[in-house]
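Taking it in order: structure first as structure tokens, then the write-up.
The values are calculated or read from the model by the stated rules, or taken from the named source; none is laboratory data. This one's a predicted model, so the numbers in the text were calculated from it and none came from an experiment. When we count neighbours, we look across all protein chains shown, and the Cβ atoms used for this are built from the backbone with ideal geometry, even at glycine.
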Amino acid sequence: MIRDYQAISKTWFPKGQQRIIPTYGKHEGVKLLGVINYETGAVYCEENTKYDAEVFLGFLKNVLKRYPQGKIVMLLDNAKVHHAKLLKEFLDNNRARLSLVFLPPYSPKMNIIEGLWGWMKDEVINNAFFSSVKEIRQAVQWFISWINKTPEIVIDRLCVRM
């Protein structure tokens, strides 16, 4: 979730003159789901208005379409939607192609996609004012497009450390 209230992060300012980032006062945001291809560095990302089991199921179906061949192993945190009963039949039917591996609780450093979200926030969200969620979406889309043009930076920054 990329929230619309901006944050100051790793910035310099004269002592006693903290930088102020305005906000437009609504608590909206951009909800993202994403995967990183560990071999190629390619990032696939979707935005949704909510994040529930139906949305996650649709995302899994889209990932299988995007990568029509080979085995896919997804590393996930233990969010409730990742364990929803709604997924059982789909996962059983796609067991040959899709495996979900659940990381230990409170281990975001083990999840590559968490590194991507932090990187994106550092590059385009923090220390910036967006006058609307539309502008946040545009910044997010620019970032995903930019890293997909040079996927080797994704591998160097996120995958090699694993």
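Data overview
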item	result
Whichever residue in segment 24-45 is at pLDDT 90 or above and part of a loop (DSSP other than H, G, I, E, B) and, among such residues, is farthest from the chain's Cα centre (by Cα)	T40
Lone unmet requirement of (1) over 16 Å from L33 (Cβ atoms); (2) surrounded by 12 or more Cβ atoms within 10 Å (Cβ to Cβ) for F129	(2)
Unique residue being at pLDDT 90 or above, buried (at least 16 other Cβ atoms within 10 Å of the Cβ), more than 25 Å from W146 (Cβ to Cβ) and in contact with a strand residue (DSSP E or B) (Cβ under 9 Å, 6 or more places away or on another chain) when the list is F56, F102, F90	F56
Residues that are surrounded by 10 or more Cβ atoms within 10 Å (Cβ to Cβ) and part of a helix (DSSP H, G or I), drawn from segment 76-87	V81, H82, H83, L86, L87
Which numbered condition K121 fails, given (1) out of contact with any Ser or Thr (no Cβ under 9 Å at 6 or more places or on another chain); (2) closer than 24 Å to V55 by Cα	(1)
Test: Q141 is more than 17 Å from the chain's Cα centre (by Cα) and of a type outside the set (V, I, T)	no
